[in-house]
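**Student:** Below are the C-alpha cells for one structure; questions will follow.
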Amino acid sequence: MRARGRAGLSARLGRGVLKPVSVTLPPDTDQPLFPGRARRPGSARAGSRVTGCREAGQMPAPLSRKIGQKKQRLAESQQQPIPKERPPSAPGLQRSIYFSSSGDHPTRLGPEFFDQPAVTLARAFLGQILVRRLADGTELRGRIVETEAYLGPEDEAAHSRGGRQTPRNRGMFMKPGTLYVYIIYGMYFCLNVSSQGAGACVLLRALEPLEGLETMRQLRDNLRKSTAGRTLKDRELCSGPSKLCQALAIDKSFDQRDLAQDEAVWLERGPVESSSPAVVAAARIGIGHAGEWTQKPLRFYIQGSPWVSVVDRVAEQMYQPQETA
C-alpha cells in the first residue's frame, strides 16, 4: 500500500498537478520564525530550503501575511520594557487603611505634633490613632479617647515633681514625642509621651479598639490573673492605661523610644469628623497626697464614649464640655 501511495504521488507530480515549492527563510537568524517557538538544534536556518507540495511559484499570500504579522508583533514586544516583579509581601503584613497620603507614604504624625505644652497635647491626642506593629507584621489600632496631663516639676502628682531626674523617669526630660513607660504594682505598665517642658508628659489612658481586636483579646488573656475563662468584651480591651499596654504588647522595652520615628509603634491622624466631639475635663485617677493637684481637671476624655475607663458625672455637670481643636 505504501509503495502504491508513493507511486501515485510521483505520478501526479509528474503530470504537473503538484510541484515542489522552494522557500528561502529570511536571514534574521537571531529570532525564531514563529514567536514563542524556539528553533531546535539542527533545524533549518537562514539560507536553507524548505520543500513542500504546493503549486510552483512563490509562497501563498495568506501564509506570507501571517508570518509578516507575527514577526512585527515579535519586534514590537521586544521593544517594550519588561516590568520588574515586586517582592512578595511579608506574611501577615497588610496595608493600613490610614496610609492614604499622596506618594503612598504612611500618614504618621511627626515631631511637630508632640511639640506642645502638656495640656494642649493631652487634648490633641484625643481622636488620633495609636498603631502597634507586632513582630509578625500584624498591626493593632486604637483611637485615643482618654488622656491625663502631667505638667512637670510644679506638678505634685508627676514623677518629675520638684525637678528630680532618675534613670526611671529620664524619658520625661527627653525631646517631645519620647515614650515614658513605667511599671506599677510590679507587673503592669503605663504608657506616657513627653511634651514641651522639662519633665512634662501625657498619659494615654484608654483607646477605642479599631483593628486587631482578636489579637488584643488574646494578648490580654495571656496576662490576666483573674476572671479566667471569661471572654473580655470589646469595651474592656483598652479601657485603662495598663489594659491598653497589655492589649498592644507594650512593656518596659518601649521606654525612651521616639513615637515620631519608631517602627513598632506610632501615631496616625484620626479621620476627620463633621463635628468635633465634646471633651470633658476631670480630676486625674488614682492621685493621692498631692495637695491641690489631686483635684485639678487634668484628665480629658471624649464625652459619651463607651471606651473611657472612668466617667465623671460630676465633672460633666460642673464643666461646660469643650470641643477638640
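**Student:** Out of (1) closer than 17 Å to residue 171 by Cβ; (2) assigned to a loop (DSSP other than H, G, I, E, B); (3) open to solvent by less than 40 Å² (accessible area, probe 1.4 Å), the odd one out for residue 203 is which?
**Tutor:** (2)
**Student:** Out of (1) closer than 30 Å to residue 213 by Cα; (2) in contact with a Phe, Trp or Tyr (Cβ under 6 Å, 6 or more places away or on another chain); (3) open to solvent by 50 Å² or more (accessible area, probe 1.4 Å); (4) of a type in the set (D, E, K, R), the odd one out for residue 156 is which?
**Tutor:** That leaves (1) as the condition not met.
**Student:** When you go through 186, 171, 197 one by one, which is the residue that is buried (at least 16 other Cβ atoms within 10 Å of the Cβ) and in a loop (DSSP other than H, G, I, E, B)?
**Tutor:** From the options 186, 171, 197, the qualifying one is 197.
A quick yes/no check of all residues on (1) acidic (Asp, Glu); (2) assigned to a loop (DSSP other than H, G, I, E, B); (3) surrounded by 15 or more Cβ atoms within 10 Å (Cβ to Cβ):
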position: 272; (1), (2), (3): no, yes, no
position: 280; (1), (2), (3): no, no, yes
position: 284; (1), (2), (3): no, yes, yes
position: 297; (1), (2), (3): no, yes, yes
position: 314; (1), (2), (3): no, no, no
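**Student:** Does residue 122 qualify as being of a type in the set (A, V, I, L, M, F, W, C), open to solvent by less than 60 Å² (accessible area, probe 1.4 Å) and touching an Asp or Glu at 6+ places or on another chain (Cβ under 9 Å)?
**Tutor:** It is true that residue 122 is of a type in the set (A, V, I, L, M, F, W, C), open to solvent by less than 60 Å² (accessible area, probe 1.4 Å) and touching an Asp or Glu at 6+ places or on another chain (Cβ under 9 Å).
**Student:** Among (1) surrounded by 15 or more Cβ atoms within 10 Å (Cβ to Cβ); (2) within 27 Å of the chain's Cα centre (by Cα), which single condition is residue 293 missing?
**Tutor:** For residue 293, the exception is condition (2).
The values are calculated or read from the model by the stated rules, or taken from the named source; none is laboratory data. What you see is a predicted model, and the numbers here were worked out from it, not measured in a lab. In this analysis, Cβ positions are derived from the backbone assuming ideal geometry, glycine residues included, and neighbour counts consider all displayed protein chains. SASA here: full protein model, heavy atoms, side chains in, ligands and nucleic acids out. Shrake-Rupley method; radii C 1.70, N 1.55, O 1.52, S 1.80 Å.
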